[in-house]
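**Q** First the structure, then my questions, so here it is.
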Ligand code: MLT
């Protein structure tokens with residue numbers, strides 16, 4: 001008799017975004033004339049930058065010619081992209097990386113979900129609450145938790161509440177943890193961490209032989225020069241942190257797919273009998289066993305972002321989204337909402353009014369304004385009473401959404 005991985009049965013409901021999609025589809029079916037504006041899932045709407053399109057067209061044409069055709073590439077990604085990443089995203093910020101420390105992939109959702117495989121099941125994980133659900137669900141699937149309690153929190157996982165009361169910056173855990181997931185700029189709260197905050201976590205990890213899994217998928221939206229773009233800007237971080245970066249939001253690759261993960265060679269973990277092991281080698285083994293490399297066409301497109309034209313064109317798109325974020329922030333503030341984030345991140349996190357729950361607010365916005373957002377409680381118990389709006393949409397739609405909300 002074939003049995004299942006029973007850890008999957010511990011998972012609650014569906015994954016957040018498909019669940020929202022289901023509710024929106026049901027509403028649209030019952031209200032076919034409703035002009036629904038989606039500020040829910042953080043999915044980009046602008047077309048790709050011309051320099052990126054041109055590079056991908058060229059890469060397609062190369063596939064038409066025996067002399068330039070590419071079959072399997074290196075599992076870790078092409079050198080042309082790895083070198084461009086190191087030069088532009090790290091060296092200019094004072095961070096030196098060895099090319100063998102960068103692993104190109106097809107997405108940060110997969111990488112942040114898969115990375116836990118290389119660590120023991122007896123590790124205790126800590127997540128901020130609210131949190132990007134992938135970090136939690138993948139650990140539950142692997143068996144690093146017990147069942148969920150009434151508040152939706154899984155037994156055995158350490159939750160670090162992030163609310164307006166602590167400025168969305170969690171305290172260090174008061175028990176020993178081994179794996180700490182941090183996401184900055186933060187999804188969902190849109191808040192950022194300064195260097196001192198990151199240093200606090202790096203020091204904790206160093207002192208406790210823990211590892212930080214640092215998701216920096218939104219770093220390109222940082223405009224404040226004092227905010228680090230990489231955890232490696234903090235001294236000693238290479239010994240304790242893995243960093244995840246994505247091309248999805250910055251160059252609009254949510255559909256095309258390309259991302260990368262940095263696993264420094266200095267990063268160590270231990271066998272249960274205390275033998276030191278380089279994590280880079282483990283991830284390399286896992287990556288080259290289970291992955292055959294990101295599409296050569298995606299990688300050509302991603303590399304074009306680092307050309308002068310690519311950077312200039314992409315900056316205009318990011319400015320457009322951050323212009324939306326400003327409109328959302330200012331509008332919601334003027335309607336009397338307490339709002340957070342949205343200045344160095346494409347997400348605005350708001351406090352619902354009059355004790356309304358996150359899902360009640362979701363329903364209100366959907367049914368009365370035909371605007372879709374994401375209920376804060378979907379990201380964790382501490383997100384209850386909060387709501388996330390994404391800045392990824394056309395400015396005219398964002399303006400229209402704000403106008404409708406103003407009339408509620
Ligand atoms: C989000 O809306 O939180 C993101 O788009 C989800 C993702 O990047 O997977």
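**Q** What is the range 230-285 by shape, rounded, prolate or oblate, if you read a ≥ b ≥ c off the alpha carbon gyration tensor as root eigenvalues and call it rounded for a/c under 1.5, prolate for a/b larger than b/c, and oblate otherwise? Intermediate results must be reported in sequence, preceding the final value.
**A** Values: a/c = 4.21, a/b = 1.92, b/c = 2.20.
Oblate, because a/c is 1.5 or more while a/b does not exceed b/c.
**Q** Dimensions of the range 130-175 along principal axes (Cα, Å, largest first)?
**A** Largest to smallest, the principal-axis extents are 31, 22, 19 Å.
**Q** Right, something else. Need one word for the range 115-214: rounded, prolate or oblate. Basis is the Cα gyration tensor (sqrt eigenvalues a ≥ b ≥ c); a/c below 1.5 gives rounded, then a/b vs b/c decides.
**A** Values: a/c = 1.72, a/b = 1.23, b/c = 1.40.
In terms of gyration-tensor shape, oblate.
**Q** If one puts a single equal scatterer on every Cα of the range 314-408 and applies the Debye formula without solvent, what log₁₀ I(q)/I(0) results at q = 0.21 Å⁻¹?
**A** Reported log10 I(q)/I(0), two decimals: -1.03.
**Q** What per residue convex hull volume, in Å³, do the alpha-carbon atoms of the range 159-206 yield?
**A** Numbers: hull volume 3.9 nm³, N = 48.
Dividing the Cα hull volume of the range 159-206 by its residues yields 80 Å³.
**Q** Hey, what did the range 45-160 get for relative contact order, percent, Cα under 8 Å, at least 6 apart?
**A** Values: 80 pairs, mean separation 19.1, N = 116.
Dividing the mean separation by the residue count of the range 45-160 yields 16 percent.
**Q** May I ask for the distance between the Cα centers of the range 75-137 and the range 215-294, given as a whole number of Å?
**A** Here the two parts' Cα centres lie 2 Å apart.
**Q** Starting with the highest mean, order 64-75, 153-164, 123-134 by the number of other Cβ atoms within 10 Å, averaged over the residues of each peptide. It would help to have the intermediate numbers written out before the result.
**A** On the way: 64-75: 10.2, 153-164: 18.2, 123-134: 22.2.
The most tightly packed comes first, giving 123-134, 153-164, 64-75.
**Q** Just how far, in whole angstrom, is the range 162-185 from the range 317-351 if you go by their alpha carbon centroids?
**A** The two parts, judged by their Cα centres, are 23 Å apart.
**Q** On to the next question. Got a sec? Which residues in the range 374-408 would a label at residue 334 touch, if it sits 7 Å along Cα→Cβ and we count backbone N under 15 Å?
**A** 398-408
**Q** Rounded to the nearest Å, what's the spacing between the alpha carbon centres of the range 8-29 and the range 355-391? Just the number, please.
**A** Centre-to-centre (Cα) distance: 14 Å.
**Q** In addition: Kindly state, as a whole number, the per residue volume in cubic angstrom of the convex hull around the alpha carbon atoms of the chain. Write out the running numbers ahead of the final one.
**A** Working: hull volume 70.2 nm³, N = 408.
Hull volume over Cα atoms, normalised by residue count, gives 172 Å³.
**Q** Suppose R0 equals 22 Å; then what is the FRET efficiency for residue 57 and residue 403 from their Cβ-Cβ distance, rounded to the nearest 0.05?
**A** 0.05
**Q** Shifting gears a bit: Expressed as a rounded percentage, what relative contact order does the chain have, with Cα pairs under 8 Å and six or more residues apart? Each step should come with its number before you reach the end.
**A** Details: 766 pairs, mean separation 94.7, N = 408.
Across the chain, relative contact order equals 23 percent.
**Q** How far apart, in nm, are two points set 7 Å out from the Cα along the Cα-to-Cβ line at residue 233 and at residue 381?
**A** Here the answer is 3.4 nm between the modelled labels.
**Q** Modelling each spin label as a point 7 Å along the Cα-to-Cβ direction, I'd like the residue 172/residue 123 distance in nm, to one decimal.
**A** According to this spin-label approximation, the distance is 1.9 nm.
**Q** Take the alpha carbon gyration tensor of the range 355-408, find the square roots of its eigenvalues, order them as a ≥ b ≥ c, and report rounded if a/c is under 1.5; if not, report prolate when a/b exceeds b/c, else oblate. Write down the numbers at each step before the final one.
**A** Working: a/c = 2.80, a/b = 1.59, b/c = 1.76.
Here the range 355-408 falls in the oblate category.
**Q** Okay, moving on. Given labels modelled 7 Å from the Cα in the Cβ direction, how far is it in nm from residue 290 to residue 353?
**A** Taking the simple label geometry, residue 290 and residue 353 are separated by 4.7 nm.
Here, each number is a calculation from the coordinates, and none is a lab measurement. Keep in mind that what you see is a predicted model, and the values were worked out from it rather than measured. Every residue, glycine among them, receives a Cβ derived from its backbone with ideal geometry; neighbour counts consider all protein chains shown.
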